[in-house]
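A short write-up of the structure that comes next.
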Amino acid sequence: MERYNFKKIEEKWQNFWIRNKSFKSEMNLKLKKFYCLEMFPYPSGKIHMGHVRNYTIGDVLSRYKSMQGFNVLHPMGWDSFGMPAENAARENDLHPKDWTEKNISVMKKQLKSLGLSIDWDREISTCNEDYFKHQQLFFIEMFEKGLVYRKENYVNWDPIDQTVLANEQVIDGKGWRSGAVVERKKLNQWFFNISKFSESLLESLNSLKNWPKKVKTMQANWIGKSFGCEINFKIKGDLPINEIKCFTTRPDTLFGFSFLAVSVDHPISKFYQDDPKFKKFKDECSKTGTTEESIAQGEKIGFKTNLLATNPLNENEKVPVYFANFVLMDYGFGAVFGCPAHDQRDLDFALKYNLPVRTVVKPPEENDDFKINNEAYTGGGVIINSKFLDGLKVPDESIIKTINIIEEKKIGKKTINFRLKDWGVSRQRYWGCPIPIAYDKDGNVHTIPKNKLPIKLPEKINLKAKGNPLNLENEWRKISINGLECLKETDTLDTFVDSSWYFLRFCSPNDKEYGFDYDAAKYWMPVDQYIGGIEHAILHLLYSRFFMRAITYKNENFSLSEPFESLFTQGMVCHETYKDKNNNWLSPDEIETNDGKNFFKKNDPNNTVSIGPAESMSKSKKNTIDPAEMIKNYGADAVRLFILSDSPPEKDVQWSEQGMLASYKFIQKFWLINNRIKEKIETSTNNNQKGDLDLKKFTNQLINKIDNNLEKFNYNVIIANMHETYNYLNKVLSGQFNREVLIENYKKILTVMSPVIPHLVNECFEVNNFSISQKWPLVNKKYLSEETVSIVVQIGGKKRGIIKTKKDTEEKTIMDLISKEDRINKSIKNKKINKVFFVKNRLINILLND
RNA sequence: GGGCGAGUGGCGGAAUUGGUAGACGCGUUGGUCUUAGGAACCAAUAUGGCAACAUGUGAAGGUUCGAGUCCUUUCUCGCCUACCA
């Protein structure tokens, strides 16, 4: 008996699939479609375990849906613009395009070696002109629709990547990619008007029924809608400032007003920019503003001006105006009115600068002399000390009535404020999609005429130059527009733009005219199942939702606002970490053990290794496992099996050598049992046999379980079902079966295992001379229930025994059976039965009177 | 500070949604075969107890004939997010 030669066999079937274009998808209005999409990879060099997990999950689903008769679209592409290519190119003195294409060819080969059911005819790569020329057209269309604009403002400048970052790309004051502390810089930038759709982006989160709640909450928080009002405060002082506008959600606490605070970037700061004390204060703010400790400590500091602000509800009251570090220019109007009693930040500030703390809300159970000490009161209750507002119920009534009063007095108005800011898309990089804009000699903006698209990147480039390499390309920059000599924009688009519409491109990847064909998109969109990491919960997913709105805005021919019908976020792949005695990270193959308990560094027995907890695989911790290596050693089916087996897909999974080996053994064992089954089939006759019914039952129950588990993404349980199947076959195979029954049921068993281990299943089909089935078997409900059932017998709620009996046996009969079972009956006899609870085919609970 | 999620054997994790807790895998133990085995196969494996039996899903209460599952309180851990006015 030959061992299963996974290398030969997997290659054979992978070639078979390619030769037969097994996964080619074509639009067919008569067929129900299923668009399965996994987040496409950045071609960084080679695939990692996260990819393996992501694409295996999607592949299992695609194969399942396809066998169910859906017309499945399961494409793959490359998010191939971006910084790493540029950095790698600079270091190795090659062109980003060459570096990228080399990586793509390596990774494509690796993905193919996993046996994924991908329609490679639809492959796209965002750095190809074929792709980004359409993106440039979208940009121009959006410009024409007023969804793109240019403005000068402060940007987040990443000093390492030498580029601008969008707000959502700054994490803890650091660049999301480089980790460098972000600086503030004033630049002319292109913006997408994403905030125009704030309401819609928030509102229709409700319609995304099959998105994780967590992701929806994160997006809702990011959009950050708050209801309140803007209030104009009159300003007195020695400067030409008449008014400062504030946004507040708590206008009802206006009588607790004791200072007004503005951001150091507030427009009025221009009157102070020559004041050295103010400069010093501003420096201090920018320093403390970003460090984690300062945020945690939340120290409030202020710079007092000579200005006084008037309380609009109480003209006699004037309070000082401060610059304060806790006021952000990005939110509202960059100015807040301080009410220390009912806002912790304001209270901290007031206590530091000895400002009055006036209580204007009291909790329901407190008296009117309720006083605030070190803790602001933000809860509900009743308004006090506020003249005509006294007695209003906090929060709803008080806020609404106060806003009405403010509007009547014309000192402000009801406002809904969003935290979401427009998306700055300019990047000062070479390796990205050129922005299709040019400037004439007077600096006027011109869009590039459509017949001059695409704007390509210059092929030869000096990447060693500091800043944006395109700035030096004087010849490339020249363009004539309507006879005017212009210079092209040198900024390129944020690569998140590339990934904001790639799912549309997959619908018609070869369309020459436009980014996507409307009919194709109407058929395939929306994506039925999108699968990817939770790390894109905000950025990529929000941008894509915006992009759909931008494309369909003022568009009579195509409408769709939500690109992803269902979203599944898979967990990370983790591995133990190892450190030697000098605290250096070690990779799994740098350690050794003699007893399986104590580990030491390879070839260095005195260097004991300490084992750390499983953490997500990263190069810096050296706890990565190379998928290519695993596929080489164990085969694609075994790797697919293992990556799904140990944990539910949405949770983190821990990679373990033992687990990998167990999956490999399963493949080998199954191959052996397949050969036993083959012999069994050959020696069986067409006579009915004792084992037939049991096999039919097992098979149908298996199909039923796998169906349910597939629908619910319980892929780890499917693997358990597959092990159960092996154990069952191994147990019953010594018995006899009707030849036809054995063939039919074994085919079904193989078919339901095929989404996970397609190569082995195909081979088993072939060696058995089964015609290869593409149909998912249907459950025959007749075989789902057993005719013998185990009834749990409880006395007073405690399990006392089990009675095996015929299905649907009535209570009376079961009571008779119990009386014949000494072990159970002994606790009943001579006692009075109070009540009996009976659940058919399940359980009987007898309550005694004592 | 805010939000979300999770606590089940030595470990990863199952549990038809209120009805036999611990499927399946790893690990461990014993056995068979073998020159050997880090191979293969067989068996055992929640805890205590020879046993009958008792206890057992982070803790404490509650609802119920019956709770891992529902309710209340509480503890611990993880992730995300943060001066959002």
If the Cβ limit is 6 Å and pairs must be 6+ apart or interchain, which residue in region A:617-641 that is of a type in the set (Lys, Arg) pairs with which residue that is open to solvent by 10 Å² or more (accessible area, probe 1.4 Å)? A:Lys621/A:Trp585; A:Lys622/A:Trp585; A:Lys622/A:Ser587
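Any residue that is part of a strand (DSSP E or B), open to solvent by 50 Å² or more (accessible area, probe 1.4 Å) and in contact (Cβ under 8 Å) with a residue 40 or more places away in the chain - is there at least one of those in region A:673-686?
Looking through region A:673-686, none of the residues is part of a strand (DSSP E or B), open to solvent by 50 Å² or more (accessible area, probe 1.4 Å) and in contact (Cβ under 8 Å) with a residue 40 or more places away in the chain.
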When you look at A:Val756, is it among the aliphatic types (A, V, I, L, M) and free of Cβ contacts under 8 Å to residues at least 40 places away in the same chain, yes or no? no
With the condition kept exactly as written, say whether any residue in region A:89-101 is closer than 13 Å to A:Lys46 by Cβ and open to solvent by 40 Å² or more (accessible area, probe 1.4 Å). no
By my count, strands (runs of 3 or more DSSP E) wholly in region A:162-271 with at least 2 residues that are of a type in the set (D, E, K, R) and more than 13 Å from RNA strand B (Cβ to nearest atom) are A:183-192, A:225-236
Looking at region A:711-739, which of its residues are in a loop (DSSP other than H, G, I, E, B) and either in contact (Cβ under 8 Å) with a residue 40 or more places away in the chain or more than 9 Å from RNA strand B (Cβ to nearest atom) (or both)? A:Phe713, A:Asn714, A:Leu733, A:Ser734, A:Gly735, A:Gln736, A:Phe737, A:Asn738
Flag if A:Arg505 is farther than 21 Å from A:Asn210 by Cβ, touching a residue at least 12 places away in the same chain (Cβ under 8 Å) and of a type in the set (Lys, Arg): yes
Of the numbered conditions (1) free of Cβ contacts under 8 Å to residues at least 24 places away in the same chain; (2) open to solvent by less than 100 Å² (accessible area, probe 1.4 Å); (3) not β-branched (Val, Ile, Thr), A:Pro449 fails exactly one; give the number of that condition. (1)
Out of the residues in region A:35-65 that are aromatic (Phe, Trp, Tyr) and touching a Ser or Thr at 6+ places or on another chain (Cβ under 8 Å), state the one that is nearest to A:Gly571 (Cα to Cα). A:Phe40
Read through the list (1) surrounded by 12 or more Cβ atoms within 10 Å (Cβ to Cβ); (2) part of a helix (DSSP H, G or I), then give the number of the only condition that A:Lys782 fails. (1)
Taking the conditions exactly as written (within 15 Å of RNA strand B (Cβ to nearest atom) and open to solvent by 100 Å² or more (accessible area, probe 1.4 Å)), does A:Lys835 satisfy them or not? yes
Among (1) within 13 Å of RNA strand B (Cβ to nearest atom); (2) surrounded by fewer than 16 Cβ atoms within 10 Å (Cβ to Cβ) - the single one A:Lys812 does not satisfy: (1)
Can you tell me which of A:Tyr35, A:Tyr55 is modelled with pLDDT of 95 or more and part of a strand (DSSP E or B)? A:Tyr35
Looking at region A:301-382, what strands (runs of 3 or more DSSP E) fall wholly within it and have at least 3 residues that are of a type outside the set (D, E, K, R), away from RNA strand B (no atom under 12 Å from the Cβ) and farther than 24 Å from A:Lys225 by Cα? A:302-311, A:314-324
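The values are calculated or read from the model by the stated rules, or taken from the named source; none is laboratory data. What you see is a predicted model, and the numbers here were worked out from it, not measured in a lab. Virtual Cβ from ideal backbone geometry, glycine too; neighbours counted across all protein chains shown. Side chains included, ligands, DNA and RNA excluded: accessible areas come from the protein's heavy atoms. Shrake-Rupley method; radii C 1.70, N 1.55, O 1.52, S 1.80 Å.
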